[in-house]
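The values are calculated or read from the model by the stated rules, or taken from the named source; none is laboratory data. Note that the coordinates shown come from a computational prediction; the quantities given were computed from them, not determined experimentally. With ideal geometry, Cβ positions are generated from the backbone for all residues, glycine too; neighbour counts draw on all protein chains shown.
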Amino acid sequence: MVDGDALVETLPVAVAPQRASLWRDALRRFRRHRLAMIGTTVLLVMVVAVVAGPLAWRLPVNEIDFKQKLKGPTWSHPLGTDDLGQDLLARMLYGGRISLAVGVAAMLIAISLGTAIGAASGYMGGAVDHTLMRLTDLFLSIPALPLLLLIVYLFRDALKKAVGPEAGVFVLIVVVIGGLRWMPVARLVRAQFLSLREKEFVEAARGLGAPPLRQVVRHILPNAMAPVIVAGSLDVAAAIIAESTLSFLGLGFPPDIPTWGRLLFDAKDTLDFAPHWAIFPGTAIFLTVLSINYIGDGLRDALDPRKVLAR
Amino acid sequence: MSRYLLRRALISIPVLLGISVVLFTVLSLAPGDPFEELATNPNVPAEVRQNLRVKFGLDDPLPVRYARWVTSMLRGDWGFSFVSRINVDTLILQRLPVTLVVLGAAQLLAILVAVPIGTYSALRPYSLFDQLATTFAFIGFSLPTFFTGLLFILLFSIYLDWLPFIYRADISATGWRWYWEHIRQAIMPVAVLGLFQAAAMTRFMRAAVLDVIRLDYVNTARAKGLPEKTTLVKHVVRNALIPVVTLVALQIPNVFGGALVTEQIFRVPGIGSLLISSILANDTPVVMAVTFVYAALVVVSNLTADLLYGWLDPRISYR
């Protein structure tokens, strides 16, 4: 496989090896995970499509044209139209922005909350640890979807009045999904902290007079992040599914914000004569979630220190 | 064993209380007034509304209201459904068996699929079978239940016309035909839910068997001449199931979420679709009660997991 030119090109690297760092090693291992690389590519295409797509595909998301209603894919409407004759490609590109944004935002909330609680629990120990872990156990045994539905049901109207229909629903859904998914991260971070806080380098920092906050933020946390990154990537997928589920049940975003789940909700009653309307957004959700799951798998292989010996 | 179970059951009481506190806090933080409609009705004087508020204790301090709510729930007084015009507990008892049957069947299907496939995958890691199983597992848990449900309806009900896609509680046939119709309409919901769980369970099972199979006692079992089948079933799979039970128990709240969606897609008359219809109809007593029943079901399944745990690893129950 290696021809002469490539050998010459790799030689200087072999002579003066790059400084190996944790992240460079991780990146190298990640690159070797073929499915994770495919997942990254697919996800990047999706992100570029929803960010730049609406600029390139100029059909409006809400132009009603009854003559074109429920048409399958054609040249003028590559993904077909819905029951009001609105262009599905335009709606999916626009709705995809919301779906992906909900996933990322909810993940950030879940991770920040989980890291804070796990760090406090693991660093302080004692009664704080005990209380926070009982709280974590409690939240782990709450069935998330029914509670999610209950909260959306109770607070939706009030938030709509306070900050407008789109922002209100967005904030509510993101906060609630993120607020019900922090527990695994908290457990992971706590476990890392329990072992890291006894390590020599932390003791050294403590001996040099680093205050607790500095010990946590500068010394322990960076070393505890690997499992959090893996959990975070999978949380994006879980949050996207949670938002789609809410929208699919008709309790997520309103009809004028066509997230992928909402499109499925609207499409499910005409499944027998307009299957394309359900299949395209469903496939979009599936591909996104599958890509993220493979990326998470690749990240786990790349970041799990137990794997270092094996490769 | 019974003392161990009793201990676990006692631990679940604070969990249930905690969940009820969370639910009640959510409800009391929520804006809105049950007598809002009376306020806009010009025929109802303000005093009447105020008297009603006092009569139902809406202005009492929060802990008092919580205590009253919990005691009435404990006594079995779950309120009255404004929409269905019957007591909430009667309504839930009508719907609960269907949910439990569908969930139980799905769980059984998941175990029947996941345990053999996961074990076989781990026995031949990176073989063609393992790679296929891994791929299908990834696809399985990346496909949300609502999309799988729609795809199943599209394929089996619309194109092939094999199965009905609406679940009916009132089937008029009698005898064997009655059973057959019930099984036929349950196939799709059970398959959607069961395969979704099987996907994650296969991964857990594979990882657990891979961990166990290299251990010395497995070598010992083989060396002393036990047949491979006995080694596998009695020594490998039994011990591999211990971590799997933990992971599956952690997944249970998600499973109820999936069940809720599945019920809604196939219009299974269980508590999940009851929850959705009550939310859409603003039927607060039913919404609260169903959410609480879900929480109770999670606690019961965790207890079942503990029971399985004690059976799989007898050391646990003596601790």
| Can you name the residue in the range A:164-175 that is surrounded by 14 or more Cβ atoms within 10 Å (Cβ to Cβ) and without any contact (Cβ under 8 Å) to a residue 40 or more places away in the chain and, of all such residues, is nearest to A:LEU145 (Cα to Cα)? | A:LEU172
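Quick one: is A:PHE193 touching a Ser or Thr at 6+ places or on another chain (Cβ under 8 Å) and surrounded by 13 or more Cβ atoms within 10 Å (Cβ to Cβ)?
Criteria met by A:PHE193.
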| remark: Residue pairs qualifying under the 7 Å Cβ cut-off, at least six apart or on distinct chains, with the first in the range A:85-109 being over 21 Å from A:VAL171 (Cα atoms) and surrounded by 24 or more Cβ atoms within 10 Å (Cβ to Cβ) and the second being at pLDDT 90 or above and among the polar types (S, T, N, Q), are none
| Looking at B:VAL233, is it modelled with pLDDT of 85 or more and surrounded by 19 or more Cβ atoms within 10 Å (Cβ to Cβ)? | no
| query | over 28 Å from B:ALA198 (Cα atoms) and either surrounded by 14 or more Cβ atoms within 10 Å (Cβ to Cβ) or in contact with a strand residue (DSSP E or B) (Cβ under 9 Å, 6 or more places away or on another chain) (or both): does that describe B:LEU91? | reply | yes
| For the range B:87-102, does any single residue satisfy the condition of being part of a loop (DSSP other than H, G, I, E, B) and touching a helix residue (DSSP H, G or I) at 6+ places or on another chain (Cβ under 7 Å)? | no
| task | Please work out if B:ASP211 is surrounded by fewer than 23 Cβ atoms within 10 Å (Cβ to Cβ), within 14 Å of chain A (Cβ to nearest Cβ) and among the charged types (D, E, K, R). | result | yes
| query | Residue check: is B:LEU123 out of contact with any Leu (no Cβ under 6 Å at 6 or more places or on another chain) and closer than 23 Å to A:GLY282 by Cα? | reply | no
| query | So which residues in the range B:253-272 are at the interface with chain A (Cβ under 10 Å from one of its Cβ atoms), within 14 Å of A:PRO146 (Cβ to Cβ) and either touching an Asp or Glu at 6+ places or on another chain (Cβ under 8 Å) or hydrophobic (A, V, I, L, M, F, W, C) (or both)? | reply | B:VAL255, B:PHE256, B:ALA259, B:LEU260, B:VAL261, B:ILE271, B:GLY272
| request: Could you look through the range B:128-162, keep only residues that are part of a loop (DSSP other than H, G, I, E, B) and more than 24 Å from the chain's Cα centre (by Cα), and pick out the one that is farthest from the other protein chains (Cβ to nearest Cβ)? | output: B:TRP162
| Which members of the range A:249-265 meet the condition of being under 18 Å from B:LEU150 (Cα atoms), part of a loop (DSSP other than H, G, I, E, B) and in contact with a Ser or Thr (Cβ under 6 Å, 6 or more places away or on another chain)? | A:THR259
| note | Only one of (1) over 23 Å from A:SER112 (Cβ atoms); (2) surrounded by fewer than 24 Cβ atoms within 10 Å (Cβ to Cβ); (3) within 8 Å of chain B (Cβ to nearest Cβ) does not apply to A:LEU249, and that is (2)
| request: Mind listing whichever residues of the range B:282-319 are at pLDDT below 80 and closer than 14 Å to B:VAL88 by Cβ? | output: B:ASP283, B:THR284
| Pairs where the first residue, in the range B:274-289, is facing chain A (nearest Cβ under 9 Å) and free of Cβ contacts under 8 Å to residues at least 24 places away in the same chain and the second is surrounded by fewer than 24 Cβ atoms within 10 Å (Cβ to Cβ) and not in a helix (DSSP H, G or I), C-beta under 7 Å, 6+ apart | B:ILE279/A:LEU251
| message | I'm told A:VAL236 meets every condition in (1) touching a helix residue (DSSP H, G or I) at 6+ places or on another chain (Cβ under 6 Å); (2) more than 13 Å from chain B (Cβ to nearest Cβ) except one. Can you identify the failing condition by its number? | response | (2)
| request: Select from the range A:269-278 the residues that are at the interface with another protein chain (Cβ under 8 Å from one of its Cβ atoms) and either buried (at least 18 other Cβ atoms within 10 Å of the Cβ) or of a type in the set (Phe, Trp, Tyr) (or both) and write down the one among them that is nearest to A:GLU243 (Cα to Cα). | output: A:ALA278
| remark: From the option list B:PHE165, B:PHE156, single residue qualifying as surrounded by fewer than 21 Cβ atoms within 10 Å (Cβ to Cβ), hydrophobic (A, V, I, L, M, F, W, C), free of Cβ contacts under 8 Å to residues at least 60 places away in the same chain and under 24 Å from A:ASP272 (Cβ atoms) is B:PHE156
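A quick yes/no check of all residues on (1) away from chain A (no Cβ under 14 Å); (2) at pLDDT 80 or above; (3) in contact with a helix residue (DSSP H, G or I) (Cβ under 7 Å, 6 or more places away or on another chain); (4) closer than 30 Å to B:ASP313 by Cβ:
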{"position": "B:LEU5", "(1), (2), (3), (4)": "yes, no, yes, yes"}
{"position": "B:PRO14", "(1), (2), (3), (4)": "no, yes, no, yes"}
{"position": "B:LEU17", "(1), (2), (3), (4)": "no, yes, no, yes"}
{"position": "B:THR40", "(1), (2), (3), (4)": "yes, no, no, no"}
